[in-house]
Amino acid sequence: MSSQIKVVNKCFVVILVFISCFAGQAQNDTSTIKAQFSLGLNSPYKNGFVDGFEGKSINFPTVNLGLQYMFSRKLGAKLDYGFSRISNEDNTSEFKLNYSRINGQLVYNASSIFSFLPQNMGTFLHAGPGLTSVKPLGNFTQNKTSNLNAMAGIEFHFGVSDKLSVYVDTSYIIGFGKDFNPVSSGYGSFNGNLLTVTLGVSISLSGCYYCEKND
């Protein structure tokens, strides 16, 4: 696992260097820093559970916190943290677990592609690698696990003001966890893929929030 962490750390470093290289060249009106917070639901894929310990298809909550920097009209990057609670399906063994992730992602402003949307709406695509940590609760705390992940998503923003927008985000997180061996190590745990849908707010901390929409 330490080698996997090193790989992800290198990816984070590349993203941060990429940002710093372009930050000095970006114009003030497009160098927008955004703080993001969203809350919603998650849906874990069944192949991430062992038999008899399947999770619900829809779970609450999922919470995402992130800091995003747009260093040009089209491209940016963000570092974000996500937390999801997953609990057992009816008629299966009782359990709850905490699913946490941290990801470094590149961001692409796709508003010009979705030009049919109203003027005060923006569309952003994001994708990047990260780390996932799963911590079972109750009787299965010994079955905690961690693995690499890769995620991608799309955000639809509705501008409330120059500094504030409300957005809907749909993201898919692929987990690269190993099969549980022995099977008992997967009791109350999870090593699969996760779909999240959240509603959030994005606050511009500098510059003009929608300057980057119109190229």
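Kindly establish whether T141 is closer than 30 Å to D51 by Cβ, surrounded by fewer than 19 Cβ atoms within 10 Å (Cβ to Cβ) and touching an Asp or Glu at 6+ places or on another chain (Cβ under 7 Å). Outline the logic, then answer.
Numbers: closer than 30 Å to D51 by Cβ: yes; surrounded by fewer than 19 Cβ atoms within 10 Å (Cβ to Cβ): yes; touching an Asp or Glu at 6+ places or on another chain (Cβ under 7 Å): no.
No; evaluated as a whole, the condition is false for this residue.
Answer yes or no: is there a residue in the stretch 77-86 that is touching a residue at least 60 places away in the same chain (Cβ under 8 Å), of a type outside the set (A, V, I, L, M, F, W, C) and touching a helix residue (DSSP H, G or I) at 6+ places or on another chain (Cβ under 9 Å).
Residues of the stretch 77-86 touching a residue at least 60 places away in the same chain (Cβ under 8 Å): 77, 79, 82, 84, 86.
Keeping just the survivors that are of a type outside the set (A, V, I, L, M, F, W, C) gives 82, 84.
Applying the additional criterion that residues be touching a helix residue (DSSP H, G or I) at 6+ places or on another chain (Cβ under 9 Å) yields none.
So far as the stretch 77-86 goes, no, none of its residues is touching a residue at least 60 places away in the same chain (Cβ under 8 Å), of a type outside the set (A, V, I, L, M, F, W, C) and touching a helix residue (DSSP H, G or I) at 6+ places or on another chain (Cβ under 9 Å).
Would you check which residues across the stretch 44-61 are crowded, with 18+ Cβ neighbours inside 10 Å and farther than 14 Å from V134 by Cβ and list them?
Pass one, the stretch 44-61, residues crowded, with 18+ Cβ neighbours inside 10 Å: 44, 48-50, 53-55, 59.
Matches in the stretch 44-61: E54 only.
Within the stretch 90-108, which residues are surrounded by 20 or more Cβ atoms within 10 Å (Cβ to Cβ), over 22 Å from V160 (Cα atoms) and of a type in the set (A, V, I, L, M)?
Answer for the stretch 90-108, where residues must be surrounded by 20 or more Cβ atoms within 10 Å (Cβ to Cβ), over 22 Å from V160 (Cα atoms) and of a type in the set (A, V, I, L, M): just L97.
Kindly list, by first and then second residue, each pair from a residue in the stretch 45-66 that is within 26 Å of I33 (Cα to Cα) and touching a residue at least 40 places away in the same chain (Cβ under 8 Å) to a residue that is in a strand (DSSP E or B) and charged (D, E, K, R), limited to pairs with Cβ atoms under 7 Å and residues at least 6 apart or on different chains.
Hits for this filter: N64/D80.
Only one residue in G153, G122, G130, G177 is modelled with pLDDT under 95 and outside any loop (DSSP other than H, G, I, E, B). Which one? Break it down into steps so the answer makes sense when it comes.
On the way: G153 fails: modelled with pLDDT under 95; G130 fails: modelled with pLDDT under 95; G177 fails: outside any loop (DSSP other than H, G, I, E, B).
Answer to the check: G122.
Within the set of pairs 6+ apart or on separate chains, which have a first residue in the stretch 96-125 that is over 12 Å from K78 (Cβ atoms), a second that is among the basic types (K, R) and in a loop (DSSP other than H, G, I, E, B), and C-beta atoms under 6 Å apart?
Filtered contacts from the stretch 96-125: N109/K74; S111/K213; G122/K213.
Check the stretch 5-26 and report whether any residue there is modelled with pLDDT of 55 or more, in a strand (DSSP E or B), in contact with a strand residue (DSSP E or B) (Cβ under 6 Å, 6 or more places away or on another chain) and not polar (S, T, N, Q).
Within the stretch 5-26, not a single residue is modelled with pLDDT of 55 or more, in a strand (DSSP E or B), in contact with a strand residue (DSSP E or B) (Cβ under 6 Å, 6 or more places away or on another chain) and not polar (S, T, N, Q).
Looking at the structure I just gave you, is D215 of a type outside the set (S, T, Y), in contact with a Cys (Cβ under 9 Å, 6 or more places away or on another chain) and at pLDDT below 95?
Against the criterion (of a type outside the set (S, T, Y), in contact with a Cys (Cβ under 9 Å, 6 or more places away or on another chain) and at pLDDT below 95), D215 does not qualify.
From S111, S115, grab the single residue that is small (G, A, S), more than 18 Å from S43 (Cα to Cα), loosely packed, with under 15 Cβ neighbours inside 10 Å and at pLDDT below 95. Write out each step before concluding.
Working: S111 fails: loosely packed, with under 15 Cβ neighbours inside 10 Å.
Every option except S115 fails the conditions.
Out of curiosity, is F116 touching a Phe, Trp or Tyr at 6+ places or on another chain (Cβ under 7 Å) and among the aromatic types (F, W, Y)?
Details: touching a Phe, Trp or Tyr at 6+ places or on another chain (Cβ under 7 Å): no; among the aromatic types (F, W, Y): yes.
Against the criterion (touching a Phe, Trp or Tyr at 6+ places or on another chain (Cβ under 7 Å) and among the aromatic types (F, W, Y)), F116 does not qualify.
Yes or no: G188 farther than 19 Å from L41 by Cα, modelled with pLDDT under 95, surrounded by 19 or more Cβ atoms within 10 Å (Cβ to Cβ) and touching a strand residue (DSSP E or B) at 6+ places or on another chain (Cβ under 7 Å)?
Details: farther than 19 Å from L41 by Cα: yes; modelled with pLDDT under 95: no; surrounded by 19 or more Cβ atoms within 10 Å (Cβ to Cβ): yes; touching a strand residue (DSSP E or B) at 6+ places or on another chain (Cβ under 7 Å): yes.
Answer is no for this residue.
The values are calculated or read from the model by the stated rules, or taken from the named source; none is laboratory data. These figures come from a predicted structure and were not determined experimentally. No Cβ is skipped: glycine too gets one built from the backbone with ideal geometry, and neighbour counts run over all protein chains shown.
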